[in-house]
Amino acid sequence: MMKIDFLHILIGIAYLQLFIINNFLGPKVELHQFEQTISQVDICLLNIYLYLNFSFKTTINDHLICDGETPVSTVEHLDYLFQATKVFNIEQNQTNKNWYILARPLNWCIQTCSLILRCQHETENTRKIERTLLQLQELIDQYDYKSPSSSFRLEYFHSTPIYPTWKLKSYIAHIYVKLGLINNALDLYLYLKKWSDVISCYQLLKKLSLAEHVIREQLQIKETPDLLCSLGEVTDEFEYLERAWILSKERSGRAQRLMGKYYFNRGNYEKTCEHLLKAVEINSLQHDTWFWLGSAAFRTEKWELGVRAYSRCTNIEPDNFEAWNNLAACHTKLKQKDKAHKVFLEAIKCNYDNWKVWENFLWTSADCGEIEDVIQAYHRLIDLKTKYVDKDVLQRLVHLLSENNHNEIWTKIYQKSLELFGRLTSQVTNDTDIWELYSDLCQLKKDDTSIDWHMKILQQLQRAHRCAVSQTSSWESEINTIKSVLKLSNKLATNTIEKLGEHSENENFKQLCHSIRLALNSVVTRLKQKYDSSLMTTDENMSDDIQQLEKSLSQLTDMLRKN
């Protein structure tokens, strides 16, 4: 604790010194006889994942004098630049607020390098990209300025990683490509004669003839594997890729990758796998090569190879949702449902609004028995596709709930399931199966014997019955439809008789039972009008269903008359 407190004091003194540097308004003083040691305040990032730990090579400078002397010398600025470069290399995509680079310019080379470093740091920030481009252009222009003098500019020149103008222009062109300004980037690359980048720009602009012209001109100067690969890619001719492979002494991963792509576009997936496997042996860090290999393996049903390829692809590029999705599909084909379920979770993180990924996650969750994930996925699918219906999954959900023990966790999940069905039936109001499943779900709550709950169960079954009868005007014309209507009618009659015995004294419940009796009676009447008794007895199952319905209808009528 004493060490930590001491470090806090030193950090405070360091920040005070930096504050003085930033806010000192006195005259600039030349330090001819003032001895300075490098790294008086050396802030080193020791552990960027646990916490920031600061170590100091020397004690804080005792000469913190604002008037008359400059607290920090040019040598120290050079050291700060070195430390900032180290931090930039460690966490290039993160902003570290504890680091400051040259608040006050003292040296031309150090200031220029610091501004370049800041531009590189801000390139990923879209809000600052315009300022970055303007700053880089100004840095290029300053090389031609007459002021300051050459002697001033060359001070500490060999101690700083100063950039030449052509490298800065190349970096601007690189930013243009990222922004989609391909023509602007092309002009710069042509000026710099960076032919590989010129060829890439022509390919992005779909100007393949110009790209081929540049490639052939460069091949006349010197034949290289990369140029032959580019020519094969532009002309789509396999012989150039073979020449590139031979010329590279069988070490060109790009040649093998383009060979694999050549065969993939022609549907020869076996050859694709053969060449892409060689490509990843040479260079295993290209995510697109692994993705192509996974796609070819998927089409040839090589599921183990597909898992390997897509796993490597997701390791290199974790935000590639297609790779995650395909990896989960490979696990599914290998009957590894638990692994597929976990992988689909990663795919969802990468693309939260893709309904196909959510649908795959829904099916896998249902197979794995993950009820909460099924409910979450179904809600999200309703968000993305308003009237989304998957009856198999809903049936699986009800079945899973019926098999689980009734405890506190079950009660919470059950309540969420009721909310899901309530939301679904408010949007899909005319589906027989959904209303029937909703009724089955409600009946799982056996400890609730209230009138309202039993009325809710019967009302849902009644709506299912109404949809079955009214969906087609001539349902009695098809045998399969008749069987489904009879099955649902018997189910409704049985439930009504059972619950009427418990609530026979309630008038509202009796009115509901009367309306159900009329609906059931209508089914029997329409069947009798359509068919005679001899035709109905040709199917034994259908005959039994009709007899059972008539018997239940008679029993229900008697119960209502007595009450």
Expected unfolding gain across Thr386-Glu217 under the 0.36 nm per residue rule, minus the alpha-carbon gap, is 55.1 nm
Surpassing 28 Å at the alpha-carbon level, of the pairs Lys416/Lys491; Lys387/Lys528; Lys128/Lys169; Lys167/Lys278; Lys356/Lys416; Lys207/Lys349, are Lys387/Lys528; Lys167/Lys278; Lys207/Lys349
Calc'd 3J(HN,Hα), the range 189-194, phi into Karplus 6.51 cos²θ - 1.76 cosθ + 1.60 (θ = phi - 60°), Hz, glycine/Pro = x, comes to 5, 5, 5, 7, 6, 8
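Which order do peptides 324-332, 522-530, 234-242 fall in by mean Cβ count within 10 Å, highest first? Kindly include the intermediate steps, with their values, before the conclusion.
Numbers: 324-332: 24.1, 522-530: 14.6, 234-242: 16.8.
Final packing ranking: 324-332, 234-242, 522-530.
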Violations at 25 Å Cα threshold for listed pairs Lys499/Lys551; Lys445/Lys487; Lys499/Lys530; Lys445/Lys499 -> Lys499/Lys530
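Output the peptides 209-218, 253-262 sorted from most to least packed, where packing is the average of other Cβ atoms within 10 Å over each peptide's residues.
On the way: 209-218: 16.7, 253-262: 23.9.
In descending order of packing, they fall as 253-262, 209-218.
Need the full-extension length gain, Glu138 to Glu498, defined as separation in residues times 0.36 nm minus the C-alpha distance. One decimal, nm.
Values: separation 360, 0.36 × 360 = 129.60 nm, distance 8.70 nm.
Net length gain for the segment: 120.9 nm.
Give the peptides 150-163, 508-521, 335-348 in descending order of average Cβ contacts within 10 Å, highest first. Provide the component values of the computation, followed by the final result.
Details: 150-163: 13.4, 508-521: 16.5, 335-348: 19.2.
In descending order of packing, they fall as 335-348, 508-521, 150-163.
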When the charge dipole of the range 324-467 is computed with +1 at the Cβ of Lys and Arg and -1 at the Cβ of Asp and Glu, the Cα pointing farthest to the positive end, of Ser365, Phe344, Gln395, is that of Phe344
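If neighbour count is taken as other Cβ atoms inside 10 Å, put Tyr352, Tyr388 in order from fewest to most.
Tyr352, Tyr388
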Given unit charges at Cβ for Lys, Arg (+) and Asp, Glu (-), the dipole magnitude of the range 481-563 about its Cα centre in debye, nearest 20, is 240 debye
Between the alpha carbon centres of the range 304-329 and the range 134-172 the gap in Å comes to 44 Å
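Throughout, read-outs are computed from the coordinates displayed, never taken from laboratory work. Computed from a predicted structure; not experimentally measured. In this analysis, Cβ positions are derived from the backbone assuming ideal geometry, glycine residues included, and neighbour counts consider all displayed protein chains.
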